[in-house]
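Written out below as structure tokens is the structure these notes cover.
The values are calculated or read from the model by the stated rules, or taken from the named source; none is laboratory data. Just so it is clear, the model here is predicted, and its values are computed rather than measured. Please note: Cβ atoms are built from the backbone with ideal geometry, for glycine as well, and neighbour counts cover all protein chains shown.
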Amino acid sequence: MTATVGAKRKWYLVPDGLQTTDGLSFTAAVIGAQFDGDATAGTPFARLRATGREYPLIGPTTGPTFFQAAIPLAGLAPGRQVVDILERLTGGREAVVGTAEFVLSAPEYVVWTLDFEGDESDDPELANTAAIADGLQIPMVVMWNPRVWNTTEVRPARAEAMLAWTKARVAKGDEVALHLHGWLDWIAATGVTPRTTPSWAGRRDGYDVPLSAYPESETKTLLDAALRQMAEHGLPRPTSFRAGGQFASAPNLKAVAAAGFTVDCTAVPAGTLGSLRLPWTLPRDAQPYRPAADDPSTPGDLPLLESPTIGGNTYAHTAESIQSIVRADLAMLTPAGEFAKERRTLNVVSHPGTIVPAERAAIESLFRAFEPLRFDHDAGPLRFVTLQQLARAYAR
């Protein structure tokens, strides 16, 4: 007896609890076998070489000689896995009638976050943003800024158009998150006294005043106001947050966690923005962690996943200039064709209001560089996910 044997797909991931775009959550590798005759007499079975464990072949399935075995993935170490299909012969002997292989990898994640800054975003840029997501099948985290409802600098018609666009993205499965800048008009509308210093760019409108200028109690007031406004305008309650300019203090994050957010992506590697030093001491390739209540750069027990934005900012890039970000991002991921031993995450940030044709080309160039790694194309371990999905994966 011989059999034609193969895995249903080449790439599988250490189970992370996330479904694929077609609604599947892979917890087992499926091995199919087509025998050249009636295999039932030999009671065929599958054996995973890495562990020696045996699994029954179930069938017939799609035809009288088609059988399948499910190899559970939980507990297996990442690596190239070999599965033998055997049948039992007389006298207790066994014979290998076919062999299949699949690759088991730790997952790698890319999150695309898009910050509304609290000013106007026009229709052409919003259309470019949506075209990238839809054309490349990439989910977005749309980080809404409620300031558009409390300023004369944003026309009501534009605020409504941005809101309608965001709701349309929610209907397609994208995530809505919250993004706050220190705009003086919005801060005043919440009842909190606006700060004008420090600032990273010397502006006079509060945009560049870091959230870290506000204590925990006032941060709570700002968050409560933002969440109330979003609910009043029909947006879902966000569970992901980013502070403007990547500035957040320990008191800010305590308030964010207390407000029920599960993910923050304010963190970035150590550095400066304008005239201010960023409040982070993280390395270039920092990975998600739960921060300490008294130091946002140190792992601790705050009930909030901190997912550093290390994948780059696409603002004002072209397809040529973004190549440095492409190289840096790929260097932090497992090379094409290889399995990852540990999970990794890259957050990329863009702004819906700035994605003109040149930046659209840049973003598409960046994301196409990940094509040879994409799990949904059965090419590698990389998954494009939202921050909500990332929180679920890292909760396991």
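Exactly one residue out of Arg147, Arg93 is without any contact (Cβ under 8 Å) to a residue 40 or more places away in the chain and in the same structural domain as Pro372 (by TED's automatic domain parsing): that is Arg147. Total residues in region 186-217 satisfying the condition of being surrounded by fewer than 15 Cβ atoms within 10 Å (Cβ to Cβ), assigned to a helix (DSSP H, G or I) and in contact with a helix residue (DSSP H, G or I) (Cβ under 9 Å, 6 or more places away or on another chain): the figure is 1. Within region 50-66, the set of residues being in contact with a Ser or Thr (Cβ under 9 Å, 6 or more places away or on another chain) and in a loop (DSSP other than H, G, I, E, B) comprises Leu57, Gly59, Pro60. The residue list Arg360, Arg374 contains one member that is in contact with a helix residue (DSSP H, G or I) (Cβ under 7 Å, 6 or more places away or on another chain), modelled with pLDDT of 95 or more, closer than 23 Å to Ala133 by Cβ and charged (D, E, K, R), which is Arg360. Among the residues of region 365-374, at least one is closer than 28 Å to Thr262 by Cβ, in contact with a strand residue (DSSP E or B) (Cβ under 6 Å, 6 or more places away or on another chain) and not in a helix (DSSP H, G or I). When the residues of region 162-185 are filtered to those that are within 21 Å of the chain's Cα centre (by Cα) and of a type in the set (D, E, K, R), the one that is surrounded by the fewest Cβ atoms within 10 Å (Cβ to Cβ) is Lys172. The single residue among Phe102, Phe66 that is free of Cβ contacts under 8 Å to residues at least 60 places away in the same chain, aromatic (Phe, Trp, Tyr) and out of contact with any helix residue (DSSP H, G or I) (no Cβ under 9 Å at 6 or more places or on another chain) turns out to be Phe66. Against the criterion of being surrounded by fewer than 23 Cβ atoms within 10 Å (Cβ to Cβ), among the hydroxyl-bearing types (Ser, Thr, Tyr) and in contact (Cβ under 8 Å) with a residue 24 or more places away in the chain, Ser365 qualifies. The listed residues are Pro308, Pro299, Pro269, and the only one of them that is in contact (Cβ under 8 Å) with a residue 12 or more places away in the chain, under 22 Å from the mean Cα position of the chain (by Cα) and either surrounded by fewer than 17 Cβ atoms within 10 Å (Cβ to Cβ) or more than 23 Å from Phe367 (Cα to Cα) (or both) turns out to be Pro269.
Taking region 218-248 as the range and being in contact with a Lys or Arg (Cβ under 9 Å, 6 or more places away or on another chain), surrounded by 19 or more Cβ atoms within 10 Å (Cβ to Cβ) and not in a helix (DSSP H, G or I) as the test, the residues that pass are Leu235, Ala248.
With respect to the conditions (1) farther than 30 Å from Gly182 by Cα; (2) touching a residue at least 60 places away in the same chain (Cβ under 8 Å); (3) aliphatic (A, V, I, L, M), Leu57 lacks only one, and its number is (2).
For region 251-266, what are the residues that are surrounded by 22 or more Cβ atoms within 10 Å (Cβ to Cβ) and touching a strand residue (DSSP E or B) at 6+ places or on another chain (Cβ under 8 Å)? Within region 251-266, Asn252, Leu253, Val256, Phe261, Val263, Asp264, Cys265, Thr266 meet the criteria. Looking across Thr345, Thr334, Thr354, one residue alone is buried (at least 22 other Cβ atoms within 10 Å of the Cβ), hydroxyl-bearing (Ser, Thr, Tyr) and either out of contact with any Asp or Glu (no Cβ under 6 Å at 6 or more places or on another chain) or not assigned by TED's automatic domain parsing to the domain that holds Pro269 (or both). It is Thr345. Within region 121-141, identify whether any single residue is over 30 Å from Pro357 (Cα atoms), touching a Leu at 6+ places or on another chain (Cβ under 6 Å), among the aliphatic types (A, V, I, L, M) and in a strand (DSSP E or B), and answer yes or no. There is no residue in region 121-141 that is over 30 Å from Pro357 (Cα atoms), touching a Leu at 6+ places or on another chain (Cβ under 6 Å), among the aliphatic types (A, V, I, L, M) and in a strand (DSSP E or B). Residue count for region 93-120 under the criterion of being touching a Phe, Trp or Tyr at 6+ places or on another chain (Cβ under 7 Å), closer than 21 Å to Ala133 by Cα and not in a strand (DSSP E or B): the result is 1. For region 28-44, filtered to residues that are surrounded by fewer than 18 Cβ atoms within 10 Å (Cβ to Cβ) and either at pLDDT 90 or above or not β-branched (Val, Ile, Thr) (or both), the residue that is farthest from Gly337 (Cα to Cα) is Ala41. When region 332-348 is examined, which residues are found to be among the aliphatic types (A, V, I, L, M) and either in contact with a helix residue (DSSP H, G or I) (Cβ under 9 Å, 6 or more places away or on another chain) or modelled with pLDDT under 95 (or both)? Scanning region 332-348 gives Leu333, Ala336, Leu346, Val348.
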